[in-house]
Amino acid sequence: MTASASSPVPFASPAAAGGVPFVETAVAYDGILLAGFGGPEGQDDVIPFLRNVTRGRGIPDERLEEVAHHYRHFGGISPINAQNRELKAALEAELDRRGIDLPVYWGNRNWTPYLADAVRDAAAAGDTSLLAFATSAYSSFSSCRQYREDFARVLEETELGETVTIDKIRPFFDHPGFVEAFLVGVRSAIETFLADGIAADAIQVLFSTHSVPTDDAVRSGPRDVDWGPGGAYAAQHEAVGAWVMDRIEAEAPSAGAVAWELVYQSRSGPPTQPWLEPDVCDVIGELPGRGKTAVIVVPLGFMSDHMEVLWDLDTEAAEAAEEAGLAFVRTPTPGVSPAFVEGIVDLVQERLEGRAAADRAHVTELGPWYDVCRPGCCENIRAGFKPAAAGLVP
């Protein structure tokens with residue numbers, strides 16, 4: 001039995017359909033849906049891919065070409081599809097190691113393989129109760145709700161909405177498996193700079209994430225909580241950054257003199273539209289005036305080394321640091337590190353077991369986040385609320 005589009009939680013499993021924030025009932029899922037962003041895999045793919053990303057916004061190809069040069073610089077190939085193939089294989093291996101007999105179906109929002117094809121494949125195999133893992137850790141329209149809207153859209157377009165259910169793993173921004181790579185990377189970079197004779201108070205840590213429109217940011221997360229000017233999206237990043245730096249200071253008190261802040265990157269909106277700031281490159285340019293001689297850039301908002309990391313950080317931010325005369329390190333993303341892959345499967349097991357919220361792993365006071373998104377969560381103010389799976393209707 002499936003939850004219809006008119007249920008409190010559309011297209012949900014019976015355990016999630018009532019809208020409880022945490023599903024503490026075991027669910028016998030048939031498969032895992034790995035939901036990715038997608039990316040071009042050749043020069044001819046770039047503009048069609050960007051049309052998909054910006055669908056409905058009426059952006060002409062001439063403007064899309066301004067973004068396309070990032071991809072063209074790398075031969076028109078985004079690394080994200082190869083990374084998701086590697087992640088899929090790693091997940092399958094870890095599931096098998098634990099004796100969890102669940103197939104992994106992979107589909108993208110914006111490029112092949114598409115989500116609709118993955119859902120059709122699952123249904124054809126008789127796997128109709130799916131648990132989705134979206135490749136984004138935080139709460140916002142673009143990193144959570146848009147995936148949920150795509151699940152609903154795909155189920156309606158494929159006419160599988162009365163057959164297939166899709167629940168979603170909770171946003172995993174503060175799961176130990178996700179944050180470990182950032183902790184290890186920042187610790188290593190600080191130790192290296194200190195060993196090179198750079199004083200702790202001359203080192204700046206910049207936790208970087210994708211900027212989003214300010215109007216979207218303030219609507220991220222449940223609407224009955226005052227999250228501050230950046231909404232739950234900024235609050236989650238701030239909480240993880242604080243946890244990383246607190247851990248490092250606890251291990252090495254001298255590192256307490258290392259300053260840190262949250263910065264943003266990859267802005268793509270018109271100049272008249274407010275987006276979250278400050279920009280990572282702008283802050284890097286200010287650091288010499290603050291007495292800094294070294295900068296550690298941490299891709300806190302990103303799961304893997306895709307285009308926003310390779311271009312905006314490894315290229316533009318690195319160039320900004322060179323121009324400012326700063327020593328520069330960009331720390332690793334989780335990628336397919338064993339801790340992260342094991343963490344994803346831990347998140348799967350939470351739902352298979354119906355694990356109590358009090359027993360779920362998290363490192364900040366904000367977690368564990370909700371299994372079923374709350375009413376009005378992560379609205380896109382420009383488009384309003386569209387049907388979305390894995391969350392209560394507004």
Those residues of region 48-89 that are in a loop (DSSP other than H, G, I, E, B) and either exposed (fewer than 13 other Cβ atoms within 10 Å of the Cβ) or in contact (Cβ under 8 Å) with a residue 60 or more places away in the chain (or both) come to a total of 10
*Does Val329 satisfy the condition of being in a loop (DSSP other than H, G, I, E, B) and under 30 Å from Ala294 (Cα atoms)?*
no
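Residue by residue, here is whether (1) surrounded by fewer than 19 Cβ atoms within 10 Å (Cβ to Cβ); (2) assigned by TED's automatic domain parsing to the domain that holds Ser142; (3) closer than 16 Å to Gln146 by Cβ; (4) of a type in the set (A, V, I, L, M) holds:
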{"position": "Gly354", "(1), (2), (3), (4)": "yes, yes, no, no"}
{"position": "Pro368", "(1), (2), (3), (4)": "no, no, no, no"}
{"position": "Pro375", "(1), (2), (3), (4)": "yes, no, no, no"}
{"position": "Gly384", "(1), (2), (3), (4)": "yes, no, yes, no"}
Answer yes if at least one residue in region 17-39 is within 15 Å of Pro113 (Cα to Cα), in a helix (DSSP H, G or I) and either in contact with a strand residue (DSSP E or B) (Cβ under 9 Å, 6 or more places away or on another chain) or not charged (D, E, K, R) (or both), and no otherwise.
no
Thr293: passes all of (1) surrounded by 16 or more Cβ atoms within 10 Å (Cβ to Cβ); (2) of a type in the set (Ser, Thr, Tyr); (3) under 29 Å from Gly177 (Cβ atoms); (4) touching a helix residue (DSSP H, G or I) at 6+ places or on another chain (Cβ under 6 Å) but (3)
Could you tell me whether Asp312 is in contact with a strand residue (DSSP E or B) (Cβ under 9 Å, 6 or more places away or on another chain) and either closer than 30 Å to Tyr29 by Cα or in a helix (DSSP H, G or I) (or both)?
yes
When restricted to Val240, Val244, Val295, Val263, the only residue aliphatic (A, V, I, L, M), modelled with pLDDT of 95 or more and over 23 Å from Gly367 (Cα atoms) is Val295
Within region 246-279, residues part of a helix (DSSP H, G or I) and surrounded by fewer than 20 Cβ atoms within 10 Å (Cβ to Cβ) come out as Asp246, Arg247, Glu249, Ala250, Glu251, Pro253, Ser254, Gly256, Ala257
Of the residues in region 280-307, those that are closer than 11 Å to Tyr264 by Cα and in a helix (DSSP H, G or I) number 4
Selection from region 173-207 of residues outside any helix (DSSP H, G or I) and touching a His at 6+ places or on another chain (Cβ under 9 Å) yields Phe173, Asp174, His175, Phe207
Exercise. Could you please let me know if Asp282 is closer than 11 Å to Thr209 by Cα and either under 18 Å from the mean Cα position of the chain (by Cα) or of a type outside the set (A, V, I, L, M) (or both)?
Key: no
Only one of Ser143, Ser136 is over 23 Å from Pro48 (Cβ atoms) and touching a residue at least 12 places away in the same chain (Cβ under 8 Å), namely Ser143
Matching residues in region 30-47 (surrounded by 13 or more Cβ atoms within 10 Å (Cβ to Cβ) and over 23 Å from the mean Cα position of the chain (by Cα)) number 4
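Table: residues versus (1) in the same structural domain as Asp96 (by TED's automatic domain parsing); (2) touching a residue at least 12 places away in the same chain (Cβ under 8 Å); (3) farther than 28 Å from Arg98 by Cβ; (4) not hydroxyl-bearing (Ser, Thr, Tyr).
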| position | (1), (2), (3), (4) |
| --- | --- |
| Gly301 | no, yes, yes, yes |
| Ser304 | no, yes, no, no |
| Met307 | no, yes, yes, yes |
| Trp311 | no, yes, yes, yes |
| Ala317 | no, yes, yes, yes |
| Ala321 | no, yes, yes, yes |
| Ala324 | no, yes, yes, yes |
| Val341 | yes, yes, no, yes |
| Val345 | yes, yes, no, yes |
Checking Val393, Val363 in turn, the sole residue that is in a loop (DSSP other than H, G, I, E, B), among the β-branched types (Val, Ile, Thr) and surrounded by fewer than 18 Cβ atoms within 10 Å (Cβ to Cβ) turns out to be Val393
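The values are calculated or read from the model by the stated rules, or taken from the named source; none is laboratory data. Quick caveat: nothing in here was measured; it's all calculated off a predicted structure. Don't worry about glycine lacking a Cβ; one is built from the backbone with ideal geometry, like all the others, and counts go over all protein chains shown.
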